[in-house]
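Reviewing the structure listed below.
None of the figures in this text is laboratory data; all of them are computed from the coordinates on show. Note that the coordinates shown come from a computational prediction; the quantities given were computed from them, not determined experimentally. FYI the Cβ positions are ideal-geometry reconstructions off the backbone, even for glycines, and counts take in every protein chain you see.
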Amino acid sequence: MTPSAFFLADNVALDFINSEYGVGDDYHDCLTDDQSVVEWLQMAGLLPEPSHERAPNGLLALAHQLRTCAREIINSAIKDSPADPTIINALLEIGRPVRKLVWNDEAKAYRISLQQRDTTAESLLEPIAEALVGLVTSDKFEFVRQCEAHDCILLFHDLTKSHRRRWCSMATCGNRMKVAAFRSRKKS
């Protein structure tokens, strides 16, 4: 059974990286086969509701490569050092969506519509690469954080007003850490 995905990072690229979480015996990977990648993309709102088409072969392998590369890019950007963006750049090029001019009846005006080029693995994963590029080139990148819980590896984009968010989720790690701190103070 595929583990549950977390969508708590306030950025789809970070949520994609977080599709692999835990350490040791508590390790989980939400991406276990080609179809699980399609399901994750649907949960993330990057694909329309379930279609009857099969997931493209090789989607899982490319998703794992993208996730590894994305984690390296984020870590290198945090440490102000370069990482190899080859996979990201390939996805941006090969999976680039098609731009079309369409009429919007509601607005009574033309607009640009972005549509998936095809159903290849590159086209399906391109929105994640695009989100990653947008994040690491943003002036708000400085607010990307790793959860402060000692046993959590999840990343998040701290978009709070004060930028003082410490945990991936207050309901899980935040609560555990506060209870542990309280118990530690009581023992002293």
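Among the trypsin sites (Lys or Arg not before Pro) within the stretch 28-115, those in coil by DSSP and having at most 11 neighbouring Cβ atoms inside 10 Å are R54, K79, K108.
Loop-located GluC sites (Glu not before Pro) in the stretch 121-188 (DSSP state not H, G, I, E or B) with no more than 13 neighbouring Cβ atoms inside 10 Å: E148. Structural descriptor for the stretch 1-150: relative contact order 20 percent, calculated from alpha carbon pairs under 8 angstrom and at least 6 residues apart. Projecting the Cα atoms of Q65, L41, V144 onto the dipole axis of the chain, where Lys and Arg carry +1 and Asp and Glu carry -1 at the beta carbon, places V144 farthest toward the positive end.
Straight-line cross-link partners of K178 among the lysines, defined as a Cα under 16 Å from its Cα and at least 8 positions apart when in the same chain: K186, K187.
About its Cα centre, the dipole of the chain is roughly 1160 debye, where the only charges are +1 on Lys and Arg Cβ and -1 on Asp and Glu Cβ. Since only P127, V98, T86 are under comparison, the one whose Cα sits farthest along the positive direction of the charge dipole of the stretch 42-131, derived from C-beta charges on Lys, Arg, Asp and Glu, is V98.
Using a simple spin-label model with pseudo-atoms 7 Å out from Cα toward Cβ, H28 and E49 lie 2.7 nm apart.
Helix-only estimate, please: 222 nm mean residue ellipticity of the chain, summing -39500 (n - 2.57) across DSSP H runs of length 4 or more and dividing by its residues, to the nearest 500. All intermediate terms of the calculation are to be shown ahead of the outcome.
Details: 6 runs with 74 residues, N = 188.
Using -39500 (n - 2.57) per qualifying helix, the result is -12500 deg cm²/dmol.
Given the alternatives (1) 19.9, 68; (2) 18.8, 69; (3) 18.4, 57, Rg and Dmax of the Cα atoms in Å as computed for this entry is given by (2).
Computed over the chain with a Gaussian network model linking Cα atoms closer than 10 Å, the most mobile of C30, C69, C173 is C173.
Cysteines of the chain lacking any other cysteine Cβ under 4.7 Å from their own Cβ: C30, C69, C173.
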